[in-house]
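Student: I am attaching a structure below and will ask some questions about it afterwards.
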Amino acid sequence: MKEEPKYQTIHKFDIRSVKDEEKMSSLFYISDSIETNIITDYIAMIAMKIIIAHEIGHLLSGHIEYRKRHGETAISFAMGNTMSQINNTTLQVMEIDADEFSACHIMSVLESELINDQKINKIVFDKNQIYRLVGCALQCVFYLVGIKNNYWKTEEPQNYTHPPASTRVSLFLDVIRKQFGKERDKDWIEIVKGVIIAQKNIFAYYETDYDDAIQFVFDIMGIDEYGKVLIEEWRVLKKEFASYSNLPFI
Ligand SMILES: [Zn+2]
């Protein structure tokens, strides 16, 4: 067991130029504690892996070819792109397809790299905390991606090119749970705890009240009704995506 650092000063930096609107990246904290900063580095690294694996998921899962065959000449995966001729549900299905790829990738990284990473093992109290780092990174990616549009949940998800963030986190966690299997539910719970810890800190960071905590836990762990709709549609489209896939094992 490592001792928790007793004194920690957090230095807050604001890198906005005067007229800039507040951006996610414009305010950041650096701690006096080297351990805290290293942990932050790890969360950022895992978050980047989640994002990059998601984009590679689009490339390898046949989405480019699918979109070309459905009349698109210039393809953008940017959020809110309304130029697409493909309906929003199909676009959203591609997002959860890419998220599934990302979830599988991040699980393999977790197993093969993070759990045995000597540097992080020297800092954390036990291995459970490594699972929590993955949860933190996951929530940072999805909540922050949608924070500007207040996009955690929405009444009209079909108006958007991307699924609501709560649906994506819930489905991402479902993929991980399936991968782990029942006997590793304890590890999965640690990842869920990481998601919750990140969310608490995001609210603190933006100096707003912590929203309804029970509802938040239900959002990420309960059955996501809109997610069910997307999964149904995903089952239909997956075969066609797979026929355009570059993945050698499909
Ligand atoms: Zn995407």
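Student: Using the Cα gyration tensor of segment 107-250, with a ≥ b ≥ c the square roots of its eigenvalues, what is the shape: rounded (a/c below 1.5), prolate (a/b larger than b/c) or oblate (neither)?
Tutor: Cα axes put segment 107-250 in the oblate bin.
Student: Based on the mean of other Cβ atoms within 10 Å per residue, sort peptides 169-178, 111-120 so the most packed one is first.
Tutor: Packing proxy ranking, top to bottom: 169-178, 111-120.
Student: With 10 angstrom as the radius, rank Trp188, Trp152 by how many other C-beta atoms surround their C-beta, starting from the fewest.
Tutor: Trp152, Trp188
Student: Just to check I understand the Karplus step: with θ = phi - 60° and J = 6.51 cos²θ - 1.76 cosθ + 1.60, what whole-Hz values come out for segment 108-120, glycine and proline as x?
Tutor: Whole-Hz 3J(HN,Hα) from phi for segment 108-120: 5, 5, 4, 6, 8, 10, 4, 4, 9, 6, 5, 5, 6.
Student: Could the peptides 56-69, 125-138 be put in order, highest first, of the mean number of other beta-carbon atoms found within 10 Å of their residues?
Tutor: Per-residue mean Cβ counts within 10 Å order the peptides as 125-138, 56-69.
Student: From the square roots a ≥ b ≥ c of the eigenvalues of the alpha-carbon gyration tensor of segment 110-172, which class results: rounded (a/c under 1.5), prolate (a/b over b/c), or oblate? Walk me through the numbers before you get to the answer.
Tutor: Working: a/c = 3.88, a/b = 3.11, b/c = 1.25.
Here segment 110-172 falls in the prolate category.
Student: Using only alpha carbon pairs under 8 Å that are at least six residues apart, calculate the relative contact order of segment 129-173 and give it in whole percent.
Tutor: 36
Every number in this text was worked out from the coordinates using simple rules, so none of it is lab data. Bear in mind that the values here come from a model prediction, so they are computed numbers and not experimental data. So basically every Cβ, Gly included, is an ideal-geometry build from the backbone, and we count neighbours across all protein chains shown.
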